[in-house]
Amino acid sequence: MPDGMLGVIISIIIILFVISWFVKIAYEFERIVLYTLGKYQGLRGPGIVFVVPVFQTIRKVDIRVITLDVPSQEVITNDNVTIRVNAVIYYKVMDANKAVNNVRNYNLATSQISQTTLRSVLGEHELDDLLANREKINQTLQSIIDSQTDPWGIKVSMVEIKDVELPETMKRAMAKQAEAERERRAKIIAAEGEFQASQKLLEAARIMSQNEITLQLRYLQTLVEVSAEKNSTTIFPLPMDLIKPFLNMAEMNKSLPDGMQPK
C-alpha cells in the first residue's frame, strides 16, 4: 500500500475519533443531561448533540416505561395475619434533570420506597379486605408511591399486587370456611326448592278439590304409572267417589219399610 494512501486512512480514522468526542447521538427514547465544567446546562436530544470534550460531560437517561419487580415482602395485616406479598410497578422518567440531579440512583430509590410503602399500606388492611379489594389497594399504592417519587422526576403509572402467599394453617381455615359456605348455600337452595314445590302442590290440591273429574283423572294416571312397574301384584285403594252412588242406594234401601225393600 502506498504511503500516501496509508496516511489518508490514518487521517480519516483520527478525524472519526475526534468527531466521536464532539458528537453524541441520543435515540428517540433517550435524553442527554449536559454539564459544562460540572454545571447543569440543560437537556439535549433526541438526535445529534455536540459536546466539547474535557469541558463538557453528559449523562444519558432512558425515558421508556420501566417494569420493576418488588421483592416478596413479609407483611402483618391489621388482623395479625402474617403473609408474604410481592408486586410489580410500572414507571418512567418524566424529568431527566431531576432523575439525575435530585437522587443518586433513581431506580434503586424507587425500588426501596416501593417496598416500604407496600408493607405500610398492606399492614393497615385486614386479610379479607386485602383479598377482596385488591384493585382499590393497588390504586392507593400507586398514588402514594407516585407522590413520593415526584421530586425525582418519576411518574408511577401502575402498581399491581401479584401474589399473596398465606400460611398453611390459614389456607386450611379458609378452605373449611368456603366448604361451609357452599353447604349453607346448598341447604338454602334445597329449602327454597321444597318451599316452591309445596306451594305448587297446594295449588294443585286446591284445583283438584274444586273439580272431582280432575281428581279422578289424576287417580287413573297414577294407576297407569303403577301398572307400568314390574310388579306381580298391585294393591290400590278404591276412591270413594266411584262407589258413593252404591252406598247412597244401600242407605235408601235400609230406610224403606220391610215390604218395599227390593229382594
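The numbers here are math on the coordinates, done by the rules we state, and not lab data. Treat the numbers as computed from the prediction; the structure is a model and nothing was measured. Glycine also receives a Cβ, built like all others from the backbone with ideal geometry; neighbour counts cover every protein chain displayed.
Loop-located trypsin sites (Lys or Arg not before Pro) across the range 73-182 with a Cβ neighbour count of 16 or fewer within 10 Å are Arg104, with loop assigned by DSSP.
In whole percent, what relative contact order does the range 3-62 give with Cα contacts below 8 Å and a gap of six or more residues?
Details: 86 pairs, mean separation 20.6, N = 60.
For the range 3-62, the relative contact order is 34 percent.
The packing ranking of peptides 8-19, 67-78, highest mean first, is 67-78, 8-19, where packing means the average number of other beta carbon atoms within 10 angstrom of each residue. The trypsin sites (Lys or Arg not before Pro) of the range 27-72 meeting both criteria, a DSSP state outside H, G, I, E and B (loop) and at most 11 other C-beta atoms within 10 angstrom of the site's C-beta, are Arg64.
Listed values for the range 65-71 are Karplus-derived 3J(HN,Hα) couplings in whole Hz (6.51 cos²θ - 1.76 cosθ + 1.60, θ = phi - 60°), namely 5, 10, 9, 10, 8, 7, x, and x replaces Gly and Pro. For the range 33-67, the list of chymotrypsin sites (Phe, Trp or Tyr not before Pro) that fall in a loop by DSSP and count at most 14 other C-beta atoms within 10 angstrom reads Phe55. Residue order for Trp152, Trp21, fewest other beta carbons within 10 angstrom first, comes to Trp21, Trp152.
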